[in-house]
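The values are calculated or read from the model by the stated rules, or taken from the named source; none is laboratory data. It should be emphasised that the depicted structure is a prediction, and the values quoted were computed from it without experimental measurement. Every residue, glycine among them, receives a Cβ derived from its backbone with ideal geometry; neighbour counts consider all protein chains shown.
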Amino acid sequence: MRVIGADVSHWENIINWVTATPSLAFAYYKATDGEDFIDSQFGNNQDGCDETGLPHAPYHWWQELEDPEVQAHHFVETTQGTYKKRIVDVEPRVTFPGIVDKLERHLHKIEDLQGFKPAIYSSKNYWNNYIKPNPPWASEYDFIIAQYSYRLTLIPAYVPKATFWQFTDEFYFPGCNSEADGNWFFGSLSECRNWFGNYHPFVPPIPGGKTQLRVIASVLNIREQPNAKARVLGALANGDIIEVEDIGGYNAWVKHARGWSAYTTSGYKYLEPV
């Protein structure tokens with residue numbers, strides 16, 4: 001079985017994760033870059049994967065010329081959420097004495113802040129040509145290896161094996177209107193879900209059917225559009241039952257006779273099937 005997922009960022013624009021999730025086993029997405037940059041689609045991607053239960057993780061693009069500890073704080077403090085894994089993208093453009101020490105300090109600071117080792121994204125070219133001398137401690141980390149070919153053959157020095165293989169930058173999936181980076185997890189689907197650690201099942205209402213949902217929140221807003229910023233039209237009370245007319249929005253919303261209400265947001269569930 002091939003366990004396939006996607007690597008995305010603002011380059012893929014807004015992704016409909018309700019549509020995308022049935023076609024993917026996992027996703028990871030850009031969150032931060034350097035000391036202060038935040039990807040414009042980070043929030044949408046985090047919320048979408050949280051709400052649909054897709055195994056997911058954020059990544060930080062490490063900038064070798066900037067402060068490693070400041071970058072680590074920026075990454076971890078920005079990516080609050082249900083994460084059991086975080087990823088550091090190592091694609092340096094220059095090498096210099098001390099680059100290995102700066103990377104190690106960055107990785108260790110992330111581990112100190114979050115309590116577990118981050119994974120590393122890189123390629124043999126970036127790692128062997130810029131991370132010099134090649135550090136033996138690389139064998140302690142899970143690696144996502146980029147090599148766009150029909151099989152993975154180029155492994156960086158001191159990396160015993162790849163956990164993921166990014167095999168293409170021309171990957172298409174439902175819910176995304178542009179090409180993304182396709183990835184292969186080396187293991188079973190259950191092992192993949194365990195690796196990310198934040199999978200949960202998501203069963204969306206059947207669009208246009210007679211599916212009924214019961215409100216399990218104390219109060220649930222009814223909005224004009226499937227968006228948390230849309231105008232409030234009223235509210236549903238705990239125990240109210242609605243009949244689903246449609247499903248939409250980027251954060252799992254359902255349409256009923258009175259408007260739109262959220263099914264789940266940020267890990268909170270407001271409705272359940274009757």
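Here are some conditions: (1) modelled with pLDDT of 95 or more; (2) surrounded by 15 or more Cβ atoms within 10 Å (Cβ to Cβ). L65 meets all but one. Which one does it not meet?
Condition not satisfied by L65: (2).
For region 82-98, which residues satisfy the criterion of being closer than 17 Å to A119 by Cβ, surrounded by fewer than 20 Cβ atoms within 10 Å (Cβ to Cβ) and β-branched (V, I, T)?
T82
Spot the failing condition for Y29; the list is (1) within 22 Å of S122 (Cα to Cα); (2) modelled with pLDDT under 95; (3) hydroxyl-bearing (S, T, Y), and only one is missed.
(2)
Table: residues versus (1) within 12 Å of the chain's Cα centre (by Cα); (2) part of a strand (DSSP E or B).
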residue: I14; (1), (2): no, no
residue: Y29; (1), (2): yes, yes
residue: N44; (1), (2): yes, no
residue: C49; (1), (2): yes, no
residue: L54; (1), (2): yes, no
residue: E66; (1), (2): no, no
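Hey, can you tell me all the residues within region 148-177 that are touching a residue at least 40 places away in the same chain (Cβ under 8 Å), part of a loop (DSSP other than H, G, I, E, B) and over 21 Å from I110 (Cβ atoms)?
Scanning region 148-177 gives F173, P174, G175, C176, N177.
So, I145, is that one in contact (Cβ under 8 Å) with a residue 12 or more places away in the chain, part of a loop (DSSP other than H, G, I, E, B), among the β-branched types (V, I, T) and closer than 23 Å to F185 by Cα or not?
In short, no.
Do we find that W184 is at pLDDT 90 or above, out of contact with any helix residue (DSSP H, G or I) (no Cβ under 9 Å at 6 or more places or on another chain) and assigned to a strand (DSSP E or B) in this structure?
Considered against the rule, which asks whether it is at pLDDT 90 or above, out of contact with any helix residue (DSSP H, G or I) (no Cβ under 9 Å at 6 or more places or on another chain) and assigned to a strand (DSSP E or B), W184 comes out as yes.
Quick check: is even one residue across region 162-180 modelled with pLDDT under 85 and either farther than 30 Å from Y148 by Cα or not hydroxyl-bearing (S, T, Y) (or both)?
No; the residues of region 162-180 include none that is modelled with pLDDT under 85 and either farther than 30 Å from Y148 by Cα or not hydroxyl-bearing (S, T, Y) (or both).
Quick check on L220: is it in contact with a Leu (Cβ under 6 Å, 6 or more places away or on another chain) and either under 26 Å from A25 (Cα atoms) or at pLDDT below 90 (or both)?
Taking the combined requirement at face value, the residue does not satisfy it.
Out of (1) surrounded by 14 or more Cβ atoms within 10 Å (Cβ to Cβ); (2) of a type in the set (G, A, S); (3) without any contact (Cβ under 8 Å) to a residue 40 or more places away in the chain, what's the single condition that is false for S190?
Only one criterion is unmet by S190, namely (1).
Here is a yes/no grid of residues against (1) polar (S, T, N, Q); (2) crowded, with 24+ Cβ neighbours inside 10 Å; (3) assigned by TED's automatic domain parsing to the domain that holds S190:
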| position | (1), (2), (3) |
| --- | --- |
| H10 | no, no, yes |
| I14 | no, no, yes |
| A27 | no, yes, yes |
| N44 | yes, no, yes |
| G53 | no, no, yes |
| H73 | no, no, yes |
| T79 | yes, no, yes |
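Within region 222-248, work out how many residues are surrounded by 13 or more Cβ atoms within 10 Å (Cβ to Cβ) and either outside any loop (DSSP other than H, G, I, E, B) or in contact (Cβ under 8 Å) with a residue 40 or more places away in the chain (or both).
Matching residues across region 222-248 total 10.
Is it the case, given these coordinates, that P97 is closer than 20 Å to I145 by Cα and either touching a Gly at 6+ places or on another chain (Cβ under 7 Å) or assigned to a loop (DSSP other than H, G, I, E, B) (or both)?
no
Sort through G208, G267, G248 and tell me the only one that's under 30 Å from Q41 (Cα atoms), touching a helix residue (DSSP H, G or I) at 6+ places or on another chain (Cβ under 6 Å) and at pLDDT below 85.
Exactly one of G208, G267, G248 is under 30 Å from Q41 (Cα atoms), touching a helix residue (DSSP H, G or I) at 6+ places or on another chain (Cβ under 6 Å) and at pLDDT below 85, namely G267.
For region 108-125, state whether one or more residues are modelled with pLDDT of 95 or more, among the small types (G, A, S) and part of a strand (DSSP E or B).
Within region 108-125, one or more residues are modelled with pLDDT of 95 or more, among the small types (G, A, S) and part of a strand (DSSP E or B).
May I ask you to list pairs of residues, at least six apart or on different chains, whose Cβ atoms are under 6 Å apart, with the first in region 101-122 being more than 13 Å from W137 (Cβ to Cβ) and the second being among the acidic types (D, E) and in a helix (DSSP H, G or I)?
Note: pairs meeting the criteria are K109/E69.
May I ask you to verify whether P201 is touching a residue at least 60 places away in the same chain (Cβ under 8 Å) and not assigned by TED's automatic domain parsing to the domain that holds I87?
The answer is yes for P201.
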